[in-house]
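The structure appears right after this line, and notes come after that.
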Amino acid sequence: MADQPPSSPSGPTPAGREPDPSSPAPSPASTPAKRSPTFGDLFWVGTGCAVSVVAGGAIGYGLDSIWHTTPWLTFAGLAFGVVSAVLLAVAQVRKFL
C-alpha cells in the first residue's frame, strides 16, 4: 500500500487511472441531449402494458379453468400482468429522462 500514489479526493476513474488535470472537463453543451419520445414510442409502451395485463389475466383464467381454482389464479395472473406492465413502462420511460 505504501508504493501507491496518493489518490484524488474524488477517487480513481473507472479505468483505475487518475484524471488528467490538463484536459478540460466535458461541458454540458458537449454532452448529447436526450431525445423526446415519439408517438411510436408512446404507442409501444401503451400496447405493451395492455398486452401484459391481458396476457396475465388470460393465462390465469386458463389455469383456473384447468385446475378449478376460480378466481384465484385469474387474480394472480392479473397481478403479474400489472407488475409486468409497470416494469415495462418504467424501463421505457427511463430512456427519455
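A29 passes every criterion in (1) aliphatic (A, V, I, L, M); (2) at pLDDT below 95; (3) in a helix (DSSP H, G or I) apart from (3). Taking every residue in the range 69-97 that is touching a residue at least 60 places away in the same chain (Cβ under 8 Å) and pairing it with any residue that is part of a helix (DSSP H, G or I) and buried (at least 16 other Cβ atoms within 10 Å of the Cβ), at least 6 positions away or on another chain, yields no pair with a Cβ-Cβ distance below 7 Å. Residues in the range 51-63 that are in contact (Cβ under 8 Å) with a residue 12 or more places away in the chain and under 14 Å from Q92 (Cβ atoms): S52 only.
The values are calculated or read from the model by the stated rules, or taken from the named source; none is laboratory data. Every value quoted in this text rests on a predicted model; they were computed, and no experiment measured them. Heads up, the Cβs are rebuilt from the backbone with ideal geometry, glycines too, and the neighbour counts pull from every protein chain shown.
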